[in-house]
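> Once you've had a glance at the structure underneath, I'll fire off some questions.
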Amino acid sequence: MISGKMAEGLTMQANREIYSGYFYLAMASYAQDIGLSGVANWFNGQMREELSHAGKLYGYLQQHGVRVMLLDIEKPPQDFSSVTDLFERTLEHEKKVTAMINDLVIMAAEEKDKATEIMLQWFVTEQVEEEASVAEILQKLNLFGEKGDALLMIDKELGQRTSAPDA
């Protein structure tokens, strides 16, 4: 059985995952507005993935008889200066999410909630993949820059992303 403290922590994380989707939707909008449909596609994929993560937490809580109380969603940033800015903010955001997930894993261990601890391992693995993916994109942006053919190549590569909800 999930403790009230654990249920509250998972509910907060579900809310944060919804915010992450909103955050990435704002970035997709910026990318589309500056004519980079591939970058927009990548961020739309991120948005769908984050919402599926929220659904995974929501479903887990429901399986344990917890009524999920929805919270306010913070407004995401709207102003960005470049594609590199988008991905730098993304990496920073994903590192914060990783810290939150790690805190939940610690809480589950303290609460002696093995089922939740095991479920959260999926999120731990997911965060390693998220950070590595974004770091790789940033590495290419820093290496090739955001001018001409280099940016078009990166945009084309990011446009090939297909994503189905993974939760």
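None of the figures in this text is laboratory data; all of them are computed from the coordinates on show. Everything numeric in this text was worked out from a predicted model, so none of it was measured. Neighbour counts are summed over all protein chains in view; Cβ atoms, including those assigned to glycine, are modelled from backbone coordinates with ideal geometry.
> Let's test this: bin the Cα-Cα distances of the chain at 10 Å from zero up to the farthest pair and state each bin's percent.
10, 38, 30, 16, 6, 0
> On a 32 Å Cα-Cα criterion, which of the cross-link pairs K75/K140; K56/K147; K5/K140; K5/K96; K75/K114; K114/K156 come out too long?
In this structure, K56/K147; K5/K140; K75/K114; K114/K156 exceed 32 Å between Cα atoms.
> Shifting gears a bit: Quick check on the chain: helices-only [θ] at 222 nm, where DSSP H runs of length 4 and up contribute -39,500 (n - 2.57) each and the sum goes over total residues. Nearest 500, please.
Estimated from H runs of four or more residues: -27000 deg cm²/dmol.
> Of the listed peptides 76-86, 141-151, what is their order by residue-averaged count of other C-beta atoms within 10 Å, with the highest listed first?
Order by mean packing, descending: 76-86, 141-151.
> Only helices at least 27 Å long along their own axis, judged from Cα atoms, and with Kyte-Doolittle mean hydropathy of 0.0 or greater: name those in the chain from DSSP H.
Helices meeting the criterion: 83-110, 114-144.
> Another one. Express in whole angstrom the spacing between the alpha-carbon centres of region 97-124 and region 34-65.
That distance is 20 Å.
> Between I2 and residues 5 or more places away or on another chain, which pairs have amide H atoms under 5 Å apart, with H built 1.01 Å from N, and which residues are they?
Those lying under 5 Å, H to H, from I2: there are none.
> Give me the aspartates and glutamates in straight-line cross-link reach of K95: C-alpha distance below 19 Å, same-chain residues under 8 apart excluded.
Of all the aspartates and glutamates, those that pass the test against K95 - Cα under 19 Å, at least 8 places apart if same chain - are E17, E49, E50, E74, D85, D103, E126, E129, E130, E131, E136.
> While we're here: Taking a ≥ b ≥ c as the square roots of the eigenvalues of the Cα gyration tensor of region 1-50, is the shape rounded (a/c under 1.5), prolate (a/b larger than b/c) or oblate?
prolate
> Normalised by the number of residues in the chain, what is the relative contact order in percent for Cα pairs under 8 Å and 6+ residues apart?
Relative contact order, the chain: 33 percent.
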